[in-house]
Amino acid sequence: MSHLRWWALALIAIAQFMTIMDTSIIGVALPEIQKDLGFSQENLSWVFNAYVIAFGGLLLLGGRLADLFGARRLFLAGWAVLGAGSLVAGLAGNVAVELIGRAVQGAGSALIAPAALTLLMMSFGGNPRELTKAMAIYGAAAPAGGTAGVFLGGVITEWLSWPWVYYINIPFALLALIAGPALLPRGESRRGHVDVTGAIAVTGGLALGVFAIVRAPEAGWGSLTTLGSLAAAVLLLGVFFAIQRAKREPLMPLRIFRAPGLGSANLAMTLLGAAWIPMWFFLNLYLQQVLGLGAFEGGAALVPMTALVMLLMTMVAAPLIGRYGIRPLIVGGLFVLAAGLVWLAFARPDGSYLVDVLPASLVAAAGMALAYIPALQGALSGARPEEGGLASGIVNTTYQVGSALGLAVMTAIANSQGASRLGDKVALTNGFQAAFAGAAVIAVAGGILAVLTIRSRKAAAAVEPAEA
């Protein structure tokens, strides 16, 4: 049965690939969606945000449900929900139905992601060497999904039609539902209660926080809408932590943060997402809106970066973790990412892909690859087995929320420097440069905080150098 674990890993990696791809595949298709469904320019971004907010806001609940009802059961349920949401989004005939479909997709992904990571730990936790290899493959699926989404979105939009960026999920959902029961470990259900009030409070707080920052560039940072939403977000998150402290069976037992390295690794993951996702977003815009590449060419231009991330995660990260531990890699990776972002901040209005994009993007990709797996493993290694779903829900939440907030802030910075002036290459480049520089500051801050907060130790007693 040993070989089945690797088939299970393939299914788990596909889940990671697809849930991340769904955040990026709609980018190229947005103009066609806007034209067909009647989105205003101001509301078009919610095609992206409806997914991310539901995904990030419900991940903690997904992790808790995986611990209570079994990771395999939640994994399969998540695929059913994701498939249904994809069908609704593809068939949508108006704005409201489209956003409902995207939110349902996000909810399905929030069930899949923590369950997938728990299933990985269940399948490979008994073999330290194989666990590190499996974690590297799982981690490489995330950036691969993000970049593949851009590439496939261009191909599908150009050669088929925009609903197919959603329909592509359905065959994978059917594959997971058919193959999952035979390949994935059964896991155990546990007796307990779902903290519904805590789930509502944390989901509402996260959603309002993201909403406030996403809307702030249009409404104004000092507007009643922005300040009121931020205040409500802080209040709801405060209520959430009060509930967690008082309840016997909370959604997120605060004791989990006593696990070695959990808090510091999640902080690193938050800032990594806040630096990496804006880089990917604005790099795609620079390629298409400034360098003039088409949707297909722009996606293809990001393939070298993705290939390097996958190579380093699968072949290099594992032995480096075993030799040096997680802190040097997280710190070094964040600083290398910052260096690539600073390089991109010098991109020119009349630049070229080979000079202005390729080398800088490869440096940034190397930094991402070095930091992601150690941060992920650091966040999970100290959690108790019965809290594996919760720990994976927390680390996925921090990355997604960091990504959403980082992109919202960098978008505001970019627009203030001219990124909203379509057709003006100089103004667009100035805005993109500002976004790259701002993301570099976030990466540097992450590296400094990692030095101060992550203890100097090996990733986990279980980690050994992986064989090639």
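The numbers here are math on the coordinates, done by the rules we state, and not lab data. Note that the structure is a prediction, hence the values are computed from the model and not measured. Glycine gets a Cβ as well: all are built from the backbone with ideal geometry, and neighbour counts include every protein chain shown.
One table, with the values for the structure above:
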quantity	calculated
Phi to ³J(HN,Hα) by Karplus 6.51 cos²θ - 1.76 cosθ + 1.60 over segment 328-343, Hz, x for Gly, Pro	x, 6, 5, 5, x, x, 5, 6, 5, 4, 4, 4, x, 5, 4, 4
Net charge of neighbours whose Cβ lies under 13 Å from the Cβ of Val88, counting Lys and Arg as +1 and Asp and Glu as -1	0
Farthest toward positive dipole pole in the chain [+1 Lys/Arg, -1 Asp/Glu at C-beta], among Leu160, Leu235, Leu312	Leu235
Where labels lie 7 Å past Cα in the beta-carbon direction, separation of Trp7 and Arg323 in nm	3.6 nm
Rounded to the nearest 20 debye, dipole of the chain from Cβ charges on Lys, Arg, Asp, Glu	1500 debye
Whole-Hz ³J(HN,Hα) from phi, Karplus 6.51 cos²θ - 1.76 cosθ + 1.60, for segment 432-438, glycine and proline x	5, 4, 4, 5, 5, 5, x
Full-stretch length increase - Ala427, Arg248 - with 0.36 nm per residue and alpha-carbon distance subtracted	58.9 nm
Net charge dipole size for segment 1-183 [Lys, Arg +1 and Asp, Glu -1 on Cβ; Debye, nearest 20]	640 debye
Built amide H within the under 5 Å cut-off of Ala419, gap 5+	Gly431
Residues Val97 and Ala179, FRET efficiency given R0 of 22 Å [Cβ-Cβ distance, rounded to 0.05]	0.10
Cα-based equivalent ellipsoid of segment 1-183: semi-axis lengths in Å, sorted from largest, via gyration tensor	30, 16, 14
Rh (Kirkwood; distinct C-alpha pairs) - the chain, Å	22.0 Å
